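Participant: Got a structure for you, written out below as structure tokens; questions coming shortly.
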Amino acid sequence: MQRILPRGEIESLDHTHIPRIFQAESRFVFQERASRLRQLATDSPIQAYLLLMAHVADAQHNALAKYTALPGASAEQVDRAQTHGMPPLQATGWQRDPQWRQILADIVQEVLQQPDVLAAAQTVLKDLLQAIEQEPEQLEALADAMLARFEEGIDAARAPFVMAALQVYWTRLAVDFDTAQLPVITPFGVCPCCGSLPVSTIVRIGGSREGMRYATCSLCSTEWHIVRVTCTHCEDTEKIAYHSIADASEAIKAESCGKCHTYRKIFYQEKDQMVEAVADDLASLELDVLMGDEGFFRVNDNPLLWQSAKDS
Ligand SMILES: [Zn+2]
Ligand SMILES: [Zn+2]
């Protein structure tokens, strides 16, 4: 009779095993984003915005270190996720602890203290502080709408800051989650931990990730493996094409799918070691314009830049 090996042993026999996910490094994730945003800002047409978001990422870094005891998935939630092959920290419908609004207040206050924040952004931030105090239900509704990716009811000026707080909240949950508890299979195209969409994908260098492509979660910062030359939205492999801006960095391309007519950006670490999933996506809006002209759609917004329905 054949002996059936337990899962861990099978993996240890398989030397070509590709790590399925990488949890965010809580000490670096937002810090790296902040420094990349500053680097990209130097010759960017949206310099002021990138610098504002660098302050946001700095504040996220501090908040992630401060809020270390958020209630995670219960044993029952983990069980249910395993039974149904669903992400255990599913963002939509999650009972958020009110601490997330405290995280938001911390981020807003820290950004407001920076000397170079423009008047328009200051107004948005001060309004937000007031809303945290006086209209928390408004912010809960906005957070729900953003996590559910509703087309309407999203205040585009407040959204990046609210999303920044939600990112800290879910990054903490994901970092603290024991990945051995992940269901073996979760739906394609969404984060195995929280069920959110990826912001972009990166072809990595070094160690077990050499040449492998990982998607970065727009919410909980987890990275998960997706086979290359595969549509990250519909999983098609037949009509994949690559697009880039002439004279721009070779590290940045858009991967389009002729079947579902969407695209997502793909970054190549061998061409630029510093590429960062959120920062490089935000700083390459020119490529989004090109893709729009070629008739492809973005599946999801950058978490730090939202368009209101009427603008799009
Ligand atoms: Zn996630
Ligand atoms: Zn597709």
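The values are calculated or read from the model by the stated rules, or taken from the named source; none is laboratory data. Keep in mind it's a predicted model, so treat the numbers as computed, not measured. Reconstructed Cβ throughout: ideal geometry from the backbone, glycine too, with neighbour counts over all protein chains shown. All accessible areas refer to the heavy atoms of the entire protein, side chains included, with ligands and DNA or RNA removed. Shrake-Rupley method; radii C 1.70, N 1.55, O 1.52, S 1.80 Å.
Participant: Please report the net charge: other residues with Cβ closer than 13 Å to the Cβ of E110, K and R +1, D and E -1. All intermediate terms of the calculation are to be shown ahead of the outcome.
Facilitator: Details: positive: K66; negative: D58, D106.
With Lys, Arg at +1 and Asp, Glu at -1, the net is -1.
Participant: Counting other Cβ atoms within 10 Å, which trypsin sites (Lys or Arg not before Pro) in the stretch 132-178 have at most 14 and lie in a DSSP loop?
Facilitator: Values: sites: R149, R158, R172; in loops: R149, R158.
Passing both the DSSP loop test and the Cβ count: R149.
Participant: Per residue, how large is the accessible surface of the stretch 25-181? Use a 1.4 angstrom probe and give square angstrom.
Facilitator: Values: 7670 Å² over 157 residues.
Here the per-residue accessible area is 49 Å².
Participant: Per residue of the stretch 214-225, in order, report the coupling 6.51 cos²θ - 1.76 cosθ + 1.60 (Karplus, θ = phi - 60°) as ³J(HN,Hα) in whole Hz, putting x for Gly and Pro.
Facilitator: Taking θ as phi minus 60°, the curve returns 10, 8, 10, 5, 6, 10, 9, 6, 5, 10, 10, 6 Hz for the stretch 214-225.
Participant: While we're on this one: Note down the nm distance, to one decimal, between modelled labels 7 Å out along Cα→Cβ at V124 and at D293.
Facilitator: Using points 7 Å along Cα→Cβ, the separation is 2.7 nm.
Participant: Magnitude of the Cβ-charge dipole of the stretch 25-181, K/R +1 and D/E -1, about the Cα centre, nearest 20 debye?
Facilitator: On the way: 12 positive and 21 negative charges, 77 e Å.
Dipole of the stretch 25-181, to the nearest 20 debye: 360 debye.
Participant: I'd like the accessible area for F297, computed on protein heavy atoms only with a 1.4 Å probe and all protein chains in place. Round to 10 Å², please.
Facilitator: 140 Å²
Participant: Once ligands and nucleic acids are excluded and a 1.4 Å probe is used, how much of T123 is accessible, expressed in Å² to the nearest 10?
Facilitator: Here the accessible area works out near 80 Å².
Participant: Please state the shape class of the stretch 267-307: rounded when a/c is under 1.5, otherwise prolate if a/b exceeds b/c and oblate if not, all from the C-alpha gyration tensor. Intermediate values should be presented prior to the final figure.
Facilitator: Working: a/c = 2.56, a/b = 1.47, b/c = 1.74.
Cα axes put the stretch 267-307 in the oblate bin.
Participant: Let me ask you something else. For the stretch 198-311, what is the accessible area per residue in Å², given a 1.4 Å probe and the full set of protein chains? Please report the intermediate quantities before stating the final value.
Facilitator: Details: 5000 Å² over 114 residues.
Accessible surface, normalised per residue, equals 44 Å².
Participant: Can you tell me how much longer the chain between F188 and Q95 gets when fully stretched, taken as 0.36 nm per residue apart minus their C-alpha distance, in nm with one decimal? Working shown, then result.
Facilitator: Details: separation 93, 0.36 × 93 = 33.48 nm, distance 2.41 nm.
Fully extending the segment from F188 to Q95 adds 31.1 nm.
Participant: So for the pair D236, A65, with labels modelled 7 Å out along Cα→Cβ, what separation do we get in nm?
Facilitator: Distance between label points: 4.7 nm.
Participant: Compute the signed sum of charges (Lys and Arg +1, Asp and Glu -1) over the other residues within less than 12 Å, Cβ to Cβ, of T230.
Facilitator: Residues near T230 contribute +1 overall.
Participant: While we're on this one: Would you please classify the overall shape of the stretch 209-312 from the alpha carbon gyration tensor, given that a ≥ b ≥ c denote the square roots of the eigenvalues, rounded means a/c under 1.5, and beyond that prolate means a/b larger than b/c while oblate covers the rest? Provide the component values of the computation, followed by the final result.
Facilitator: Working: a/c = 1.27, a/b = 1.15, b/c = 1.10.
It comes out rounded by the Cα gyration axes.
Participant: I'd like to know which of V175, M146, A165 lies farthest towards the positive end of the charge dipole of the stretch 25-181, counting +1 on Cβ of Lys and Arg and -1 on Cβ of Asp and Glu.
Facilitator: V175
Participant: Further question: Which whole-number percent is the relative contact order of the chain (Cα, under 8 Å, 6+ apart)?
Facilitator: Working: 512 pairs, mean separation 62.4, N = 312.
Across the chain, relative contact order equals 20 percent.
Participant: With charges only on Cβ, +1 for K and R and -1 for D and E, what is the dipole size of the chain about its Cα centre, in debye, rounded to 20? Working shown, then result.
Facilitator: On the way: 27 positive and 43 negative charges, 124 e Å.
My answer is approximately 600 debye.
Participant: What is the chain by shape, rounded, prolate or oblate, if you read a ≥ b ≥ c off the alpha carbon gyration tensor as root eigenvalues and call it rounded for a/c under 1.5, prolate for a/b larger than b/c, and oblate otherwise? Show your work: numbers first, answer last.
Facilitator: Values: a/c = 1.67, a/b = 1.19, b/c = 1.40.
Note, shape of the chain comes out oblate.
Participant: Would you tell me the accessible area of E223, worked out with a 1.4 angstrom probe on the heavy atoms of the protein chains, in Å² to the nearest 10?
Facilitator: Its accessible surface works out to 30 Å², give or take rounding.
Participant: Also, quick follow-up: Using +1 at the C-beta of Lys and Arg and -1 at the C-beta of Asp and Glu, which of I46, P19, T83 has the Cα lying farthest in the positive direction of the dipole of the stretch 12-88?
Facilitator: My answer, from the dipole projection, is I46.
Participant: Moving on to the next point. Whenever you get a sec, line up D43, D281, D116 from highest to lowest accessible area (probe 1.4 Å, protein heavy atoms). Please list the in-between numbers first.
Facilitator: On the way: D43 130, D281 0, D116 85 Å².
Solvent-accessible surface, decreasing: D43, D116, D281.
Participant: At 7 Å along the Cα-to-beta-carbon direction for both Q114 and E76, put a label point, then send me their distance in nm to one decimal.
Facilitator: The modelled label-to-label distance comes out at 4.2 nm.
Participant: Same structure again: In the stretch 14-56, which trypsin sites (Lys or Arg not before Pro) fall in coil by DSSP and have 15 or fewer other Cβ atoms within 10 Å? Mind showing how you got there, number by number?
Facilitator: Values: sites: R20, R27, R33, R36, R38; in loops: R20, R27.
The qualifying sites are R20, R27.
Participant: Further question: Net charge around L173, counting only other residues with Cβ within less than 11 Å of its Cβ (Lys, Arg = +1; Asp, Glu = -1)?
Facilitator: Details: positive: R96, R172; negative: D97, D176.
That works out to 0.
Participant: With θ set to phi - 60°, apply the Karplus curve 6.51 cos²θ - 1.76 cosθ + 1.60 along the stretch 121-128 and write out the HN-Hα couplings as whole Hz, x wherever there is a Gly or Pro.
Facilitator: 5, 4, 4, 4, 5, 5, 4, 5
Participant: I need the phi-derived Karplus couplings for the stretch 186-196: 6.51 cos²θ - 1.76 cosθ + 1.60, θ = phi - 60°, integer Hz, Gly and Pro marked x.
Facilitator: 10, x, 5, x, 10, 4, x, 8, 10, x, 8
Participant: Quick check: at a probe of 1.4 Å, how many percent of the accessible area of the chain sits on carbon and sulfur atoms? Before the final figure, lay out each step's value.
Facilitator: Values: 7890 of 15480 Å².
Taking all protein chains in place, the chain shows 51 percent carbon and sulfur surface.
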